[in-house]
1. How large are Rg and Dmax for the chain when calculated on the C-alpha trace, in angstrom?
2. For E99 and T77 in one chain, what is 0.36 nm times their gap in residues minus the Cα-Cα distance, to one decimal in nm?
3. Once phi is turned into ³J(HN,Hα) by the Karplus curve 6.51 cos²θ - 1.76 cosθ + 1.60 with θ = phi - 60°, what whole-Hz value does each residue of the range 24-30 show in order, with x for glycine and proline?
4. If I model a spin label at D26 and K52 as a point 7 Å from the Cα along the Cα→Cβ vector, what separation in nanometres do I get?
5. Say the cut-off is 23 Å between C-alpha atoms; which of K59/K100; K52/K88; K59/K88 go over it?
6. In percent, what relative contact order does the chain have, based on Cα pairs under 8 Å that are 6 or more apart in sequence?
7. By its C-alpha gyration tensor, with a ≥ b ≥ c as the square roots of the eigenvalues, how is the range 25-87 shaped: rounded for a/c under 1.5, else prolate for a/b larger than b/c, else oblate?
8. Taking H as built 1.01 Å from N, whose amide H comes closer than 5 Å to the amide H of R45, not counting residues under 5 places away?
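Each reported figure results from applying straightforward, stated rules to the coordinates on display, with no laboratory input. Nothing here was measured: the structure is a model prediction, and the numbers come from that model. Every residue, glycine among them, receives a Cβ derived from its backbone with ideal geometry; neighbour counts consider all protein chains shown.
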Amino acid sequence: MALFGNAHTIDPGAAQRDYARLLGTDERVYGAYQLIRDTILLTDRRMVLIDKQGITGRKVEYHSIPYKSISHFAVETAGTFDLDAELKIWISGSSTPIEKTFTKGVDIYEVQAILTQFVAR
């Protein structure tokens with residue numbers, strides 16, 4: 001499942017408030033990223049992909065991926081000519097990774113650190 005577009009950082013506190021109805025009791029947002037109309041949340045329990053669908057974006061799919069389901073991930077940092085960084089996440093039972101592209105304004109090392117903290121548990 002590849003999702004195209006460039007992501008930028010959202011304040012985790014603002015994402016915590018904006019998506020409070022999606023979060024479990026005491027679940028905390030550590031990282032949040034906007035991808036055109038979609039959003040990625042990295043909490044202390046899971047990764048949540050929020051996919052706004054249709055022309056109006058009224059229909060929304062919430063895809064929750066528990067960290068225990070992530071078998072491995074890879075990051076590719078931005079280069080001299082390619083200014084975007086990429087994240088690939090493999091889910092157990094799927095050979096095709098979920099791919100995300102982040103603009104140079106996002107610290108891909110921060111994204112990797114959050115994933116490492118919770119996937120390695």
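1. 13.9, 44
2. Details: separation 22, 0.36 × 22 = 7.92 nm, distance 1.36 nm.
Here the answer is 6.6 nm.
3. Each residue of the range 24-30 in turn: x, 4, 6, 6, 10, 7, 9 Hz.
4. Taking the two extended label points, one gets 3.3 nm.
5. Numbers: K59/K100 21 Å; K52/K88 21 Å; K59/K88 26 Å.
In this structure, K59/K88 exceed 23 Å between Cα atoms.
6. On the way: 219 pairs, mean separation 29.6, N = 121.
Rounded, it is 24 percent for the chain.
7. Values: a/c = 2.11, a/b = 1.15, b/c = 1.84.
It comes out oblate by the Cα gyration axes.
8. Distant-sequence amide H within range of R45: R28.
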